[in-house]
Amino acid sequence: RNFLEGKADTGEVLMPGSDGARGWRQHLYFTFLQWERKLRSNLTIAAGLRYEPYSTPTEVNDKIATLPHPESDASTTVGGPLFINPSKDNFAPRVSLAWDPTGKGRTVLRAGGGIFFDLLGTRELLIAGARMHPFFSRAFIRNPRFPDITNGIAGAKPSKAPDGIDYYVNQPYVLHHQLTIEQAIGNNWIAQISYAGSRGVHLPGQLGNINPTKPQVLSDGRLYFPDGAPRINPNFDQIGMRRTHFNSYFNALHVELQKKAFQSRWAMQVRYSWAKSIDQTSSTVYQEFSNSDLFPTMLDYRQNRGLSDFDIRH
């Protein structure tokens, strides 16, 4: 009924004098070396090393504010850098091989693995770079008049609820590895079975609030967050934060059967994958998935370990 009558429960409005416009600048650098050699007639190996550092984002009008110590800072810090650059040691090795154990070209074993870095930049700046005091201020209004929310802005108190990115970030990276066996069947068919896996470390994720009320430890060790108790940092309301504290695990089995082109025009391929994805959060920017920024407690991220929101078994 409230929906049909246009009765809103809460509203969020940008306060006068603040804005979300930013002119970000960032430089990315990439270089790659690769070595490949045929050790035998039936064995080829390749190795590479990629180096990809980047600069900390800057803003053309110096509209940068940070919260280096969200658990104790009395206010945001105006001025850069946006975060401490973690990319100076971004050396990413990778190696692969292809081996024909019989030497007849009918069976091929392929294996490879490497480290791949996740660059911190545009994705994090979409929200975290623009929703920090004093350049950005918003108010939460209870039961605003619909549809003109500005009717409730008079007398509204600006919220002390920043939404940023950790000042001391880690460098996110993923280790990928794969093993494939390919077998020729007859003259036109090829069967393939492969394992693919990855392990994500220091992955970025969004937390809706890292400033809850101070918890009490119950007799059984559980944490209880009493309503109305002082927050961990009483200088702020809720604090949204993007952190690089999360891990992921992915394993998959792929089976494939393909028929090479016949009659010079047609080909056929069928493929099946059985996979499982586990992580501690599936959200990196802002609520890509339902409830993705809600954690049992920010004091132990392992309690949020489970199937990824995008996990697809078959």
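The values are calculated or read from the model by the stated rules, or taken from the named source; none is laboratory data. Note that the structure is a prediction, hence the values are computed from the model and not measured. A quick note on method: Cβ atoms are made from the backbone with ideal geometry, for glycine too, and the neighbour counts reach across all protein chains shown. Ligands, DNA and RNA are stripped out before the accessible areas are found, and what is left, the full protein with its side chains, is counted by its heavy atoms. Shrake-Rupley method; radii C 1.70, N 1.55, O 1.52, S 1.80 Å.
Is it true that V95 is assigned to a strand (DSSP E or B), without any contact (Cβ under 8 Å) to a residue 60 or more places away in the chain and surrounded by 14 or more Cβ atoms within 10 Å (Cβ to Cβ)? Yes, satisfied. Taking (1) β-branched (V, I, T); (2) at pLDDT below 95; (3) not in a loop (DSSP other than H, G, I, E, B) in turn, V108 satisfies each apart from (2).
Selection of the range 200-218 for residues being over 13 Å from the mean Cα position of the chain (by Cα) and under 20 Å from H245 (Cα atoms) yields G208, N209, I210, N211, P212.
Taking first residues from the range 56-67 that are among the acidic types (D, E) and partners that are open to solvent by 40 Å² or more (accessible area, probe 1.4 Å) and assigned to a loop (DSSP other than H, G, I, E, B), the Cβ contacts under 8 Å between residues at least 6 apart in sequence or on separate chains come to E59/R22; E59/G80; D62/G80. Residues that are at pLDDT 95 or above, out of contact with any Ser or Thr (no Cβ under 8 Å at 6 or more places or on another chain) and open to solvent by less than 20 Å² (accessible area, probe 1.4 Å) occur at least once in the range 191-198.
Every residue in the range 212-226 that is among the polar types (S, T, N, Q) and farther than 24 Å from D237 by Cα, please. Can you show your working first?
From the range 212-226, those among the polar types (S, T, N, Q) are 213, 216, 219; that's our starting set.
Matches in the range 212-226: S219 only.
Checking R271, R305, R313 one by one, the residue that is surrounded by 12 or more Cβ atoms within 10 Å (Cβ to Cβ) and at pLDDT 85 or above is R305 and no other. Taking first residues from the range 124-151 that are open to solvent by less than 50 Å² (accessible area, probe 1.4 Å) and partners that are modelled with pLDDT of 85 or more and among the aromatic types (F, W, Y), the Cβ contacts under 8 Å between residues at least 6 apart in sequence or on separate chains come to L125/W24; G129/W24; A130/F136.
Candidates are the residues of the range 19-75 that are touching a Pro at 6+ places or on another chain (Cβ under 7 Å) and part of a loop (DSSP other than H, G, I, E, B); the one that is least open to solvent (accessible area, probe 1.4 Å) is L67. Taking the criterion of being open to solvent by 30 Å² or more (accessible area, probe 1.4 Å) and either over 30 Å from R131 (Cβ atoms) or in contact (Cβ under 8 Å) with a residue 24 or more places away in the chain (or both), the residues of the range 204-221 that qualify are N209, P215, Q216, V217, L218, S219, D220, G221. Say we look at the range 76-88 and pick out the residues that are in contact with a strand residue (DSSP E or B) (Cβ under 9 Å, 6 or more places away or on another chain) and aliphatic (A, V, I, L, M); which of these is most open to solvent (accessible area, probe 1.4 Å)? By that ranking, first place goes to V78.
In the range 27-42 there is no residue matching the filter, namely being of a type in the set (D, E, K, R) and under 22 Å from the mean Cα position of the chain (by Cα). Being open to solvent by 30 Å² or more (accessible area, probe 1.4 Å), among the polar types (S, T, N, Q), more than 30 Å from D237 (Cβ to Cβ) and outside any strand (DSSP E or B) is a description that applies to T102. As a summary of the residue check, E12 satisfies the conditions (1) open to solvent by less than 50 Å² (accessible area, probe 1.4 Å); (2) closer than 22 Å to R138 by Cα except for the one numbered (1). Among the residues of this structure, L119 counts as one that is out of contact with any Gly (no Cβ under 9 Å at 6 or more places or on another chain), at pLDDT 85 or above, open to solvent by 30 Å² or more (accessible area, probe 1.4 Å) and among the aliphatic types (A, V, I, L, M).
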